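Report on the following structure.
The values are calculated or read from the model by the stated rules, or taken from the named source; none is laboratory data. What you see is a predicted model; the values in this text were computed from it and never measured. We place every Cβ from the backbone using ideal geometry, glycine too, and count neighbours over all the protein chains shown. Areas reflect the complete protein model, heavy atoms only, side chains present, ligands, DNA and RNA absent. Shrake-Rupley method; radii C 1.70, N 1.55, O 1.52, S 1.80 Å.
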Amino acid sequence: MNLYLLVDPANSKTKKSDYTVMMVLGLGPDNNYYLVDAIRDKLSIKERAQRVMSLHARYKPIATGYEKYGIQTDIDFIEEMQAKENYRFKITPLGGNMSKQDRIKRLQPLFESNRVYLPERLMKVDYQKQQYDFVQEFINNEYLQFPYMTHDDMLDCMARITDPDLSPYSIAYRDWE
C-alpha cells in the first residue's frame, strides 16, 4: 500500500477556530483508499511540526502534502526541525483555485463506489485532554452533515488525496525499475 500524509493546518487554538487535521491515507493495490491514522486537534506551529515529523517517521509515506494557504511559516519551521533532527522529507504544497466545497465533492465518486475504507475506531486525545473517536467525529460531524456542517476540516484534508500536485497511485501501478 502506498501511504500519503496529508495536512490541513489551522493557525489558531481558539474554541471557534478550525482544527488542524493530518491524515495518513493508503492507496492499495485494489485502487481503494484506506484511512490508516489521523489527528484532528488545535495545535500550535511547534505541535504541528512535531506531529508531522512523528507521523512521517512512523509511516514513511511516499508523499507529504501540506495545504499551502498561509503555510510558509509552517514549512520553514518543519525544515528547521528536519535539519535539527537530521530527518528530512519533501513537503508538497497543495493549493489551487478550487473552492473547499468543490474540492470535497471530488470525494463523492470515491465514497459512492465504496472505495474509501475507515477503521472501526481511531481513538485520540485532543488539546483539552478529552478522548474522542476520530472515525465517529468524521462520520457524524462532517460526512453525514455535508455540506451543512460547522467544520469541514477532515473532509477537506481527505479531499487533498485527489489533488493533481500529489499524483497518488496505487502500488499495483508503481514503476519498479
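Some points to look at:
- Amide H partners (placed H, <5 Å) of G65, local residues excluded: L5, L6, V7, T92
- Accessible area per residue in Å² at 1.4 Å probe, computed on the stretch 1-55: 36 Å²
- Among the chymotrypsin sites (Phe, Trp or Tyr not before Pro) in the stretch 73-105, those located in a DSSP loop and surrounded by at most 14 other Cβ atoms within 10 Å of their own Cβ are Y87.
- R88 paired with N31, simple spin-label distance in nm, labels 7 Å along Cα-to-beta-carbon: 3.7 nm
- Spacing of the two label points (7 Å from each Cα toward its C-beta) at Q136 and D102, in nm: 3.7 nm
- With one equal scatterer per alpha carbon and no solvent term, the Debye-computed log10 I(q)/I(0) for the stretch 94-161 at 0.26 1/Å reads -1.26.
- Highest-MSF residue in the chain out of D76, D156, D18 [GNM, Cα springs under 10 Å]: D76
- The stretch 73-129 and the stretch 41-58: distance between their alpha carbon centers, rounded to Å: 11 Å
- Counted by Cβ distance under 14 Å from P119, the other residues give a net charge of -2, where Lys and Arg count +1 and Asp and Glu count -1.
- Entry comment: accessible area of the stretch 91-175 is 58 Å² per residue, from protein heavy atoms only and a probe of 1.4 Å.
- Within straight-line cross-link reach of K42, aspartates and glutamates at Cα separation under 18 Å, skipping those fewer than 8 residues along the same chain: D8, D18, E67, D74, D126, D133, E137, E142, D152, D153, D156
- Extension gain from F77 to S113, taking 0.36 nm per residue of separation minus the Cα-Cα distance: 9.0 nm
- Sorting Y69, Y33 by accessible area puts them as Y69, Y33; the probe is 1.4 Å, largest comes first, and only protein heavy atoms count.
- Taking amide H atoms as placed 1.01 Å from N in the peptide plane, the amide H of V116 lies under 5 Å from those of Y33, each 5 or more residues away in sequence or on another chain.
- Taking every C-alpha pair closer than 8 Å and separated by at least 6 residues, the mean separation divided by the residue count of the chain gives a relative contact order of 29 percent.
- Computed over the chain, the percent of Cα pairs more than 24 Å apart is 34.
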